[in-house]
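Since the structure comes first, as structure tokens, the remarks are kept for the end.
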Amino acid sequence: MVYCKLTCPLRLSWLMTIQDVASYHNAPTSHGYNLISVLTAHRNLSIQGAMNLAGNMIKEAFNSFCELENELLELMQPRPSFVSALFSFFDRNWSGQTTTPKTEQECDEIKTHERKLEKVKRYIEALKDCIIGSTHWLYETELFFGKKGAEVRTFGWVFANMGYAGLGATAGPGDRFQ
């Protein structure tokens with residue numbers, strides 16, 4: 001269940017929210033289904049209020065992702081049975097070292113589990129790389145911020161030069177959004 005929550009819905013909502021925030025200033029009236037336009041229309045927010053709420057949604061998605069990652073990795077940690085843990089405890093404490101030898105099957109199971117855990121960790125890192133890479137792309141392509149992508153990335157400000165309404169919200173020339 002944790003795996004399902006960690007992948008598509010959370011990752012896609014995170015990416016889509018980031019892209020909606022980045023793309024809004026280009027043409028808010030042509031993006032009727034842009035998150036910022038929807039928030040201004042349905043929650044009666046100003047554009048800045050919608051940007052702030054979208055920013056909070058991104059932070060919440062990031063926190064949820066981290067919580068789910070930790071939960072998944074915790075679930076994948078091997079859990080020794082009570083009996084084997086008890087024997088292992090007594091073996092170590094009375095003789096100073098573990099005397100219970102591992103069978104070949106137990107060793108193979110441990111190696112298989114470690115390989116699976118490593119694959120899950122790599123998959124989670126790939127999800128992170130996808131999100132981070134897409135976010136970096138927003139600044140590096142001229143599609144969203146023109147030639148000012150590096151400036152927007154550095155300062156976090158977008159100056160929208162639009163004198164028209166966007167689904168219930170208005171913005172004047174030079175309005176800035178953070």
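No lab work stands behind these numbers, since they all come straight from the coordinates. As the structure is a prediction and not an experimental result, all values here were calculated from the model. In this analysis, Cβ positions are derived from the backbone assuming ideal geometry, glycine residues included, and neighbour counts consider all displayed protein chains.
Summary table below
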| quantity | calculated |
| --- | --- |
| Residue-span extension gain [residue 76 to residue 53] - 0.36 nm each, minus C-alpha spacing | 4.8 nm |
| Environment charge at residue 150 (Cβ cut-off 14 Å; Lys +1, Arg +1, Asp -1, Glu -1) | 0 |
| Hits among aspartates and glutamates - C-alpha to C-alpha of residue 128 under 13 Å, sequence gap 8 or more where chains match | 69 |
| Spin-label pair residue 153/residue 106, simplified geometry with 7 Å Cα→Cβ offset, distance in nm | 5.1 nm |
